[in-house]
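S.K.: Sharing a structure here in structure tokens format.
The values are calculated or read from the model by the stated rules, or taken from the named source; none is laboratory data. The structure presented is a predicted model; accordingly, all values stated were derived computationally and were not measured. Reconstructed Cβ throughout: ideal geometry from the backbone, glycine too, with neighbour counts over all protein chains shown. The accessibility values were calculated without ligands, DNA or RNA, using every heavy atom of the protein model including side chains. Shrake-Rupley method; radii C 1.70, N 1.55, O 1.52, S 1.80 Å.
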4 protein chains.
Amino acid sequence: MRPAGSVAYVTSILLTGFEPFDGETVNPSWQAVLRAQALWDGPEDVHIAEIPVDFEACDRALADALDRFRPDLVIAVGQAGGRPGISVERVAINVDDARIPDNAGFQPVDAPIVPDGPAAYFSTLPIKACVEALTQAGIPASVSQTAGTYTCNHVFYRLMHTLQADRPDARGGFVHIPYAPEQAAARDQPSMSVELAALALLAIVRTSLDVAVDTRAPGGALH
Amino acid sequence: MRPAGSVAYVTSILLTGFEPFDGETVNPSWQAVLRAQALWDGPEDVHIAEIPVDFEACDRALADALDRFRPDLVIAVGQAGGRPGISVERVAINVDDARIPDNAGFQPVDAPIVPDGPAAYFSTLPIKACVEALTQAGIPASVSQTAGTYTCNHVFYRLMHTLQADRPDARGGFVHIPYAPEQAAARDQPSMSVELAALALLAIVRTSLDVAVDTRAPGGALH
Amino acid sequence: MRPAGSVAYVTSILLTGFEPFDGETVNPSWQAVLRAQALWDGPEDVHIAEIPVDFEACDRALADALDRFRPDLVIAVGQAGGRPGISVERVAINVDDARIPDNAGFQPVDAPIVPDGPAAYFSTLPIKACVEALTQAGIPASVSQTAGTYTCNHVFYRLMHTLQADRPDARGGFVHIPYAPEQAAARDQPSMSVELAALALLAIVRTSLDVAVDTRAPGGALH
Amino acid sequence: MRPAGSVAYVTSILLTGFEPFDGETVNPSWQAVLRAQALWDGPEDVHIAEIPVDFEACDRALADALDRFRPDLVIAVGQAGGRPGISVERVAINVDDARIPDNAGFQPVDAPIVPDGPAAYFSTLPIKACVEALTQAGIPASVSQTAGTYTCNHVFYRLMHTLQADRPDARGGFVHIPYAPEQAAARDQPSMSVELAALALLAIVRTSLDVAVDTRAPGGALH
């Protein structure tokens, strides 16, 4: 990871969030990513990119960010309205199945993200260690066994597919965060402050930089 | 409400929260009450009292606070672990039915709070206006049709019973708040930051001082 | 309860269910009541009445059934879409607050059912013994602390108000049942077969006839 | 699929269910499989096998059943306590992560099911057509994006891995069913009668035999 030569290598971190969708005016994933970058005080560089909720355009936005920042660590972040805590995703699957159209009006059903690509990719983050770091910091968190089949899963799958091909030493994964309180105000749904979600992202970054071999702790689901 | 004489009358507000119970080390209702008092900048006096989770001792603690502060407005606050937002309670019922023992080890079952007391009291807060103020401020909130049958309902019932007898011009009601994030960290449960819960209490106080006749807005439940 | 004279007195039982509402084509409460009557093989008479989902007309329908059948026991039944099991209701409150219009297009908000009536009535069924009988029979059931604020609570309140005035020796209460499977098919919601719901009603009838003093068992809610 | 010669080929169907686990005395998946076999009246042969909730022994039990019955269609069935309807599973992932020990006391954490096996297999059932058939028959059902990480997912993964290698023309998939009512009786959890679950399995078998190309209908999840 450290190029030869006299210039000190600085670890590059990429955080991505999504633009608003489904009639919302904000997307807390992008707000949390912005706030996490502002709070970051480590020696590593934290770069950010906003990804469109658009099954086609999201690929280009992700590819551009990967090209530009050449990250050693990528945490893609999305909104999971209705979930009560931070979800550290375990696996991305090779299918788009959109319950609602994307922001461009496109609604793929049961289409592969990468034709002839593998059925799934596992996160290469230390997901158990991340959840442990969050809960010890008092932040509600758990491992999730599905990132859905919408643009979040799409970006997660595309990210892992690209990293494996182009940047095999880089780590990557996906994190879902709850609604922001203002989104949940008119619903009977759980929420989390953007500040706490940003602190969660920082803890996940730090853990992913520090923990080489994941903790051995049950985090599965019976079904 | 304003006594004759030359001394300016200052409106007295009482906020109560509960001590921790059920193995918890904190109770966000008390934390939020403390924070709400600290944030208050109105001309009215905001007094606070911590109430034990104890079916007997809570009566004395409440009576002492009412005697001492002679409030014009009382907002009793409790923790509702598992609820996703602020619950403005509609009604207190005349029964103790404890699923777990209280902090003194007492577990009443189907016992009246006030023998021969009325079956229920309605909140005299403008509950719909409070919910509207909260949701407009971006704070998840709804009317709740039940405060349970534990010490929260007990204190709510006792409060309304006492106010009706002793301070009929005073307004009173009960508000349930979610787990704090640190409590929800090890569970898969919703939470709300204490800061946001405190802001919610301030909005409820302000609305209860300002709105004489409640808003006409549906806030019921089909079942 | 037994009138003088040479004619043997037969205990009269009234079961009521509701007509469909909220766009549904069936209401499992009425289906279960029909089925329960068909299954009944006791010496007591089981009468049934279908109640309109109409805040005005339901009063007349209930009054007519009470006049006609002069019941010793009344179990009013309603649909609680979303609940996973049988709910034996504890309390009816004196308020109509309709989240959706009734079948006549009427949508009362925060209106008393009986002006100057008591704030609430408790069920006079042995609710804990009923829940115990159901769970021992393998039927999911629990005590519920709220029957909502729609026509179910309205009929429950009106029933208890009328019984107290006119038939003080009669027992009465309210039971909520889940969606039928066909209603839940297009939703991600729990359901219960009408057959099982009918068996539940029979067990509640039998328990209410047999158990004079309710079981002492915790069945409350923390909030 | 039809061997040459004069003997008429009879399509072979295998349904598997699980033994009880986690302290339960029944497993509705096995009860439903038994009942489905009893109800089957098609010309095809329906074979059944009970699979242990044991990460090691389940592989042998599955392999034995596949060897013995040489099925053209396999529907593996498991219990998903807490889910409200039938879940037609989309994908099996290559990981065991047991939240509780299996019936042999073994609790694998983050271990691959097949070392160097693909990260996931998709069901080869027409999952959307199956869900459509169920909901049209009035049976609550949906596509599920995760079969968990316990023995259900394990058997599902192992089934698809084996079919791909040994019986590439055979179709296979996994179906989760809710608790039986008797299991949910002591919990506040959804349930489904075993009879209805058995009818659901028959509809899934029939649809899987009849529908070659799956219906194009959204059935995904936003997260």
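S.K.: Here is a check on your reading of the model: is D:Leu125 of a type outside the set (Lys, Arg), at the interface with another protein chain (Cβ under 8 Å from one of its Cβ atoms) and under 25 Å from A:Leu222 (Cβ atoms)?
M.R.: no
S.K.: Sticking with this structure for a sec: Output the residues belonging to the stretch C:116-141 that are buried (at least 21 other Cβ atoms within 10 Å of the Cβ) and under 26 Å from D:Ser191 (Cα atoms).
M.R.: Residues satisfying the conditions are C:Leu125, C:Pro126, C:Ile127, C:Lys128, C:Ala129, C:Cys130, C:Val131, C:Ala133, C:Leu134, C:Ile139, C:Pro140, C:Ala141.
S.K.: Next up: Please indicate, with yes or no, whether at least one residue in the stretch D:189-202 is more than 10 Å from every other protein chain (Cβ to nearest Cβ) and of a type in the set (S, T, N, Q).
M.R.: no
S.K.: Now for a different question. Identify the single condition in (1) within 14 Å of chain C (Cβ to nearest Cβ); (2) surrounded by fewer than 21 Cβ atoms within 10 Å (Cβ to Cβ); (3) farther than 23 Å from B:Asp67 by Cβ that B:Tyr150 does not satisfy, given that it satisfies every other one.
M.R.: So B:Tyr150 meets the others, but not (2).
S.K.: In the stretch B:66-80, which residue that is surrounded by 21 or more Cβ atoms within 10 Å (Cβ to Cβ) and within 13 Å of B:Arg167 (Cα to Cα) is nearest to the other protein chains (Cβ to nearest Cβ)?
M.R.: Ranking the qualifying residues of the stretch B:66-80, first place goes to B:Val74.
S.K.: Let me ask something else about it. Taking into account only those residues within the stretch C:99-112 that are facing chain B (nearest Cβ under 10 Å) and either of a type in the set (D, E, K, R) or surrounded by 22 or more Cβ atoms within 10 Å (Cβ to Cβ) (or both), which is farthest from B:Arg216 (Cα to Cα)?
M.R.: C:Arg99
S.K.: Check whether at least one residue in the stretch B:154-174 is under 16 Å from B:Ile93 (Cβ atoms) and within 14 Å of chain A (Cβ to nearest Cβ), and report yes or no.
M.R.: No: the stretch B:154-174 contains no residue that is under 16 Å from B:Ile93 (Cβ atoms) and within 14 Å of chain A (Cβ to nearest Cβ).
S.K.: With the structure loaded, tell me whether A:Arg60 is assigned to a helix (DSSP H, G or I), among the charged types (D, E, K, R) and under 25 Å from A:Val211 (Cα atoms) or whether it fails that test.
M.R.: Judged against the criteria, A:Arg60 is not a match.
S.K.: List every residue pair whose Cβ atoms lie under 7 Å apart, where the two residues are 6 or more positions apart in sequence or sit on different chains, the first residue falls within the stretch B:61-82 and is at positive phi, and the second residue, located anywhere, is crowded, with 17+ Cβ neighbours inside 10 Å and not in a loop (DSSP other than H, G, I, E, B).
M.R.: That search, which allows pairs on different chains as well, returns B:Arg70/B:Ser12.
S.K.: Which residues, counting only those in the stretch C:163-190, are more than 19 Å from D:Glu195 (Cα to Cα), open to solvent by 10 Å² or more (accessible area, probe 1.4 Å) and modelled with pLDDT of 95 or more?
M.R.: C:Gln164, C:Ala165, C:Asp166, C:Arg167, C:Pro168, C:Asp169, C:Ala170, C:Arg171
S.K.: Here's another thing I want to ask about it. May I ask you to verify whether A:Arg83 is among the basic types (Lys, Arg) and surrounded by fewer than 16 Cβ atoms within 10 Å (Cβ to Cβ)?
M.R.: So A:Arg83 does not fit the description; no.
S.K.: Pick from the stretch A:11-27 the residues that are open to solvent by less than 10 Å² (accessible area, probe 1.4 Å) and of a type in the set (Val, Ile, Thr): which of them is nearest to the other protein chains (Cβ to nearest Cβ)?
M.R.: A:Thr16
S.K.: Okay, next question. Where in the stretch C:107-223 are there helices (runs of 4 or more DSSP H), lying fully within it, with 2 or more residues that are among the aromatic types (Phe, Trp, Tyr) and in contact (Cβ under 8 Å) with a residue 60 or more places away in the chain?
M.R.: Hits in the stretch C:107-223: C:151-166.
S.K.: So, in the stretch B:45-63, of the ones that are closer than 18 Å to B:Asp96 by Cα and small (Gly, Ala, Ser), which residue ends up nearest to the chain's Cα centre (by Cα)?
M.R.: Among those that are closer than 18 Å to B:Asp96 by Cα and small (Gly, Ala, Ser), it is B:Ala61.
S.K.: Still on this structure, please answer the following. Test D:Arg35 against the criterion of being open to solvent by 40 Å² or more (accessible area, probe 1.4 Å), assigned to a helix (DSSP H, G or I) and free of Cβ contacts under 8 Å to residues at least 40 places away in the same chain, and give yes or no.
M.R.: So D:Arg35 fails the test.
S.K.: Could you check how many residues of the stretch D:38-52 are surrounded by fewer than 18 Cβ atoms within 10 Å (Cβ to Cβ), farther than 13 Å from D:Leu73 by Cβ and among the small types (Gly, Ala, Ser)?
M.R.: 1
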